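Colleague: Take a look at the following structure, please.
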Amino acid sequence: MSIRIKLLLSYTGMLVISLLVFILTASLFTIAATGDIHSFRDFYNVHYQLNPLTEQEESIFLELKYLAKNEPDQLQNNQLLQDYDFKLKTVRAGLYVRREDSQVFESHTFNQPELRQHLPLYDLNNNQIRSTFNIGERFYAYAKFDFLYSDGKKGSVFVIRERSPFGEVTRRLFPIIILVLIGLIVIANVLLYRWITRSVVKPLHLLRNSAEHIQEGNLQFSLDLDSKDEIGQLNEAFENMRQRLQESVQLRLQDEENRKELISNISHDLRTPITNIKGYIEGIRDGVADTPEKMDKYVNIIYSKAVDLDKLVDELFLYSKLDLRQVPFMFEHVDIVNFLDDCIDELHYVMEEKAIELKWDKRPHQSIQVIADLEKLKRTVLNIIENAQNFMDKQHKFIHVSVQTSATWVTVEIKDNGMGISREDMPHIFERLYRAERSRNSATGGSGLGLAIASQIIAEHGGRIWAESEPGAGTSLFFTLKRTTNL
């Protein structure tokens, strides 16, 4: 069953129940007030016939009734009647006394010229002493007592109170009021049903259409519902899901492009040394290396290419394991000053052969403890320095290593005076297999994995790595490590 049908049934049921409750309440109220289930039409008349006066008015009426029974001639005493009328005025009622067809006393409270013509006839048996009457649109309730004066003339004493005409109007318009209330309930429920339908069903239709778009693979849309209720929260969650899906699809497409580029780069980097090795082996097989000197030269070149090939495969394997977080790290407290001393000593003679001056400024520092994996950190430093030496283009070449410290971090700077890195290449130097040298010549650019591996290792240490470069002047590469002690 759809939500629309459920809402229709629920509001129809609510409408029926409202009507039944209204009718039942009115019936019970009338029965409780009148004791007669058939008295809807005469509800207000019957009520005031039973209870025409208030408690104070009733008390004054009983005094007048006592006088009528015991001293009826006192009810012709104008001063006494004025005193009683004054008491009744304080409770918004009035006094009227008649003798036969003439008026003995009429309260100024009424201001009603037609009052005498509408009073009930004499009933000396006093079968009905409380009732109501209308004069035009004005509605009165009264209590009366009929008696005989000492001379045998008939008389009546009335305590009259004008009631609000609203009660009479309500009595007359009771059927119309009932119909109006029923109409209001029906209209209110129809409007409520329409509002709920528009605020619930319509957004759900939009969500369903959006789900169908996603099912078809279309993520290029957005939901613009501004509702703050549960539907709005559902819409927000759905929109977040769509954005995440779109991001994941874009990431997957980007990964696919990266994978294709990676395969292309690996194929190129592997094909070059393999082609060289094949060429020199064919030269040996064809007898080109016909002297011992040529044979040694060919063999050395083949060995060198095999070493480069082995190194490339090793770096690819290491980067892959680092990327998948499959390389274990053995962190320990390391003195970064002594560590860099050892690295500089190991590279000193290699740098001298390549006419590169390797500077290490350690004089400001005695011992600086950091948390690091010694083997992985050494691989990082060697990769950075090896990358720097591949891009030296000046007659006087140097690489400068220094350390800066703060309360919680140690920053290692490796600076060179090479050709520098262009602005367009700077954001990509830590990507795998990326080379600023577009020809991908390993003689001038390396494998393209050294800085990517260094970046992965520093990330695992909880630090960061970045570079600053000025084309033509050189490059400074920085990485940070956590300190173990304060300054």
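The values are calculated or read from the model by the stated rules, or taken from the named source; none is laboratory data. The structure displayed is predicted, hence computed values, not measured ones. Positions of Cβ are backbone-derived with ideal geometry, glycine not excepted, and every protein chain shown enters the neighbour counts.
Colleague: For residues that are modelled with pLDDT of 90 or more and surrounded by fewer than 16 Cβ atoms within 10 Å (Cβ to Cβ), tally how many sit in segment 461-475.
Modeller: Qualifying residue count for the region: 4.
Colleague: Residues of segment 326-348 being touching a residue at least 40 places away in the same chain (Cβ under 8 Å), part of a loop (DSSP other than H, G, I, E, B) and of a type outside the set (A, V, I, L, M), which ones?
Modeller: Answer for segment 326-348, where residues must be touching a residue at least 40 places away in the same chain (Cβ under 8 Å), part of a loop (DSSP other than H, G, I, E, B) and of a type outside the set (A, V, I, L, M): Phe329, Phe331.
Colleague: Consider Ala388 against the criteria (1) closer than 21 Å to Gly450 by Cα; (2) surrounded by fewer than 19 Cβ atoms within 10 Å (Cβ to Cβ): it satisfies all of them except one. Which criterion is unmet?
Modeller: Here Ala388 meets the rest and fails (2).
Colleague: Could I ask something else about it? Within segment 361-412, track down each residue that is in a strand (DSSP E or B) and touching a His at 6+ places or on another chain (Cβ under 8 Å).
Modeller: Our first condition is that a residue be in a strand (DSSP E or B); within segment 361-412, this holds for 369-372, 397-405, 409-412.
Selection gives Gln369, Val370, Ile371, Ala372, Val403, Thr405.
Colleague: When you scan segment 213-236, do you find a residue that is more than 30 Å from Thr12 (Cβ to Cβ), among the charged types (D, E, K, R), part of a helix (DSSP H, G or I) and at pLDDT below 80, even just one?
Modeller: Yes, because at least one residue in segment 213-236 is more than 30 Å from Thr12 (Cβ to Cβ), among the charged types (D, E, K, R), part of a helix (DSSP H, G or I) and at pLDDT below 80.
Colleague: Right, another one. In segment 409-426, which residues are of a type in the set (Val, Ile, Thr) and modelled with pLDDT under 90?
Modeller: At the first step, the residues of segment 409-426 found to be of a type in the set (Val, Ile, Thr) are 410-412, 414, 421.
Listed by number, the list holds a single entry, Ile421.
Colleague: Could you please find all residues in segment 365-395 being of a type in the set (A, V, I, L, M) and over 24 Å from Thr484 (Cβ atoms)?
Modeller: At the first step, the residues of segment 365-395 found to be of a type in the set (A, V, I, L, M) are 368, 370-372, 374, 377, 381-382, 384-385, 388, 392.
Ile385, Ala388, Met392 - these are the residues of segment 365-395 that are of a type in the set (A, V, I, L, M) and over 24 Å from Thr484 (Cβ atoms).
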